[in-house]
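Notes for the one structure printed next.
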DNA sequence: TTTTATTTTTAGCCTAGCCTAAAAAAATAT
DNA sequence: ATATTTTTTTAGGCTAGGCTAAAAATAAAA
């Protein structure tokens, strides 16, 4: 069993590994964890002793197979709890993150097995992110950022990159939700804003929006 | 907001105050928390600084009004989660305690409001203990220990004093459950065992059993 | 009332997880 | 190739929450 802090580091390393495939840097991890580089070095050493990560001084850090399994299990719990909060308790999708951050650390194998069953073995969380199955298998979908679509292309909104309350509330306000179809009508090369069609309605969105929305182009 | 450890101390003091109305002794608290008296003294000082308890050296400790409210809120959360685990996730009543010990520390007002609603505002947990309402009001029932019943008296089983897995499994095995009617057929004065009628069946139970079962004599 | 036993507190130490400041290594620029 | 900047690590401290051993206060017994 690992501490709350250890689990949070594993999660952060897991998420950063996509951007840092050769090893997650101490500074990047410090940024992600809102802490100092020296604290990160301390923790990495502990994780390394527990065989959760591979670490060589000045070389960044990578998850071991064991570390990856542990991280994925925490992510699985986080996303299942998010589904519970939205589907069963009526939370809005921008209200669940903070509570799920706490619930993901509850230790009970039976709890997660039964929660998963109770929720009907969901495959996606409320933000469209895939929920790993009990064996840790992810179903990665072939999503792209809206900002990467070319003029005239279209697709279905399937997820968000930024899960902050502010961004999710912006989406709610503009009626952008998972499952909606979006097509690109215009792209402004100067500021990378775009004009999209959403529900037959035209909407102008900035680059910061389009680069945080995942689209599935079937 | 208080730490996990602080909340656990408040809960323990709350439970011990019934047995120690003039002030909970350091040793009793150390026993309850499975720790050492010196650690208890340390923690009591911290709780005292935070105005959660009244403390005078060598005089034991009492909850302040604020401390009591905090303790009751934690107990409320514990018992609501127990109901969730049994009613929604199919846990047995002897499996819930450990998980609820973790869940009771999740911090989110909305979570508890919605959970309570989702569960239909339950008044009792799976062991028959009353669930305080959102304002912290307890409904104390007029229960007595089975061992206190006189020959020929009868009542309904409404709760357990000992919530250990072992005891609860003993009850399950002997078909003793909340809601069942029990009447006292014989009392053995030597070892305080008794013969009871349960579902028309006669059952011999020892004093340790009868002094851990709560009965409501209407 | 003295002595003895028990309870409680103090003093000092440990670990996890954080911090700052300084040193060392690596990367970048001249 | 050397100098400068950036990144990372080390060294040393801090707090929460534990611990042991010893001292002090209270309670019980002679």
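Does residue A:159 count as within 19 Å of the chain's Cα centre (by Cα), within 19 Å of residue A:77 (Cα to Cα) and not assigned by TED's automatic domain parsing to the domain that holds residue A:92?
yes
Please tell me if residue B:66 is more than 14 Å from DNA strand D (Cβ to nearest atom) and away from chain A (no Cβ under 14 Å).
Values: more than 14 Å from DNA strand D (Cβ to nearest atom): yes; away from chain A (no Cβ under 14 Å): yes.
It is true that residue B:66 is more than 14 Å from DNA strand D (Cβ to nearest atom) and away from chain A (no Cβ under 14 Å).
Taking region B:47-63 only, how many residues are assigned to a loop (DSSP other than H, G, I, E, B) and near DNA strand D (Cβ under 10 Å from one of its atoms)? If you could, list the steps in order and put the result at the bottom.
Step one: of region B:47-63, the residues assigned to a loop (DSSP other than H, G, I, E, B) are B:50-52, B:56-60.
If we keep only those that are near DNA strand D (Cβ under 10 Å from one of its atoms) as well, we get B:50, B:56-60.
Here the count works out to 6.
How about region A:148-180: which of its residues are over 17 Å from residue A:211 (Cα atoms) and without any contact (Cβ under 8 Å) to a residue 24 or more places away in the chain?
Answer for region A:148-180, where residues must be over 17 Å from residue A:211 (Cα atoms) and without any contact (Cβ under 8 Å) to a residue 24 or more places away in the chain: A:173, A:179.
Pull up region A:107-121, narrow it to residues that are more than 19 Å from residue B:114 (Cα to Cα) and part of a loop (DSSP other than H, G, I, E, B), then point me to the one that is farthest from the chain's Cα centre (by Cα).
Among those that are more than 19 Å from residue B:114 (Cα to Cα) and part of a loop (DSSP other than H, G, I, E, B), it is A:108.
Testing residue A:162 on (1) on the phi < 0 side of the Ramachandran plot; (2) crowded, with 17+ Cβ neighbours inside 10 Å, one condition comes back false. Which one is that?
Exception for residue A:162: condition (2).
Which residues, taken from region A:69-102, are surrounded by 20 or more Cβ atoms within 10 Å (Cβ to Cβ), facing chain B (nearest Cβ under 8 Å) and part of a helix (DSSP H, G or I)?
Residues satisfying the conditions are A:85, A:99.
Return the total of residues in region B:103-118 being more than 10 Å from every other protein chain (Cβ to nearest Cβ), surrounded by fewer than 17 Cβ atoms within 10 Å (Cβ to Cβ) and in contact with a helix residue (DSSP H, G or I) (Cβ under 9 Å, 6 or more places away or on another chain).
The total comes to 0.
Could you count how many residues in region A:131-147 are touching a residue at least 24 places away in the same chain (Cβ under 8 Å) and either touching a strand residue (DSSP E or B) at 6+ places or on another chain (Cβ under 7 Å) or not in a loop (DSSP other than H, G, I, E, B) (or both)?
Going through region A:131-147 one residue at a time, the tally reaches 9.
Of (1) surrounded by 13 or more Cβ atoms within 10 Å (Cβ to Cβ); (2) out of contact with any helix residue (DSSP H, G or I) (no Cβ under 9 Å at 6 or more places or on another chain); (3) not in a loop (DSSP other than H, G, I, E, B), residue A:196 satisfies all except one. Which?
The single condition residue A:196 does not satisfy is (2).
Looking at A:86, A:61, which one is more than 16 Å from DNA strand C (Cβ to nearest atom) and modelled with pLDDT of 95 or more?
Details: A:61 fails: more than 16 Å from DNA strand C (Cβ to nearest atom).
Result of the check over A:86, A:61: A:86.
Can you find even one residue in region B:131-139 that is within 20 Å of residue B:199 (Cβ to Cβ), surrounded by 16 or more Cβ atoms within 10 Å (Cβ to Cβ) and more than 14 Å from chain A (Cβ to nearest Cβ)? Even if it seems obvious, please write down each step before you answer.
Initially, region B:131-139 is screened for residues within 20 Å of residue B:199 (Cβ to Cβ), giving none.
No.
Suppose we filter region A:1-46 for residues that are free of Cβ contacts under 8 Å to residues at least 12 places away in the same chain, assigned to a helix (DSSP H, G or I) and either closer than 30 Å to residue A:109 by Cβ or over 21 Å from the mean Cα position of the chain (by Cα) (or both); how many remain?
5
What tally of residues in region A:198-217 results from selecting those that are touching a strand residue (DSSP E or B) at 6+ places or on another chain (Cβ under 8 Å) and farther than 29 Å from residue A:97 by Cα?
Total satisfying the criteria: 1.
I'd like the full set of residues that are free of Cβ contacts under 8 Å to residues at least 60 places away in the same chain, out of contact with any helix residue (DSSP H, G or I) (no Cβ under 6 Å at 6 or more places or on another chain) and surrounded by 15 or more Cβ atoms within 10 Å (Cβ to Cβ), limited to region B:119-128.
Within region B:119-128, the subset free of Cβ contacts under 8 Å to residues at least 60 places away in the same chain is B:119-127.
The next check asks that each one be out of contact with any helix residue (DSSP H, G or I) (no Cβ under 6 Å at 6 or more places or on another chain); those that pass are B:120-121, B:123-124, B:127.
Answer for region B:119-128, where residues must be free of Cβ contacts under 8 Å to residues at least 60 places away in the same chain, out of contact with any helix residue (DSSP H, G or I) (no Cβ under 6 Å at 6 or more places or on another chain) and surrounded by 15 or more Cβ atoms within 10 Å (Cβ to Cβ): B:124, B:127.
Can you give me the number of residues within region B:165-176 that are under 24 Å from residue B:123 (Cβ atoms) and either outside the structural domain of residue B:210 (by TED's automatic domain parsing) or surrounded by fewer than 14 Cβ atoms within 10 Å (Cβ to Cβ) (or both)? Steps first, please.
At the first step, the residues of region B:165-176 found to be under 24 Å from residue B:123 (Cβ atoms) are B:167-168, B:171-172, B:176.
From the residues that got through so far, the ones that are either outside the structural domain of residue B:210 (by TED's automatic domain parsing) or surrounded by fewer than 14 Cβ atoms within 10 Å (Cβ to Cβ) (or both) too are B:172.
Residues in region B:165-176 being under 24 Å from residue B:123 (Cβ atoms) and either outside the structural domain of residue B:210 (by TED's automatic domain parsing) or surrounded by fewer than 14 Cβ atoms within 10 Å (Cβ to Cβ) (or both): 1 in total.
The values are calculated or read from the model by the stated rules, or taken from the named source; none is laboratory data. Model, not experiment: these values are computed from the prediction. Don't worry about glycine lacking a Cβ; one is built from the backbone with ideal geometry, like all the others, and counts go over all protein chains shown.
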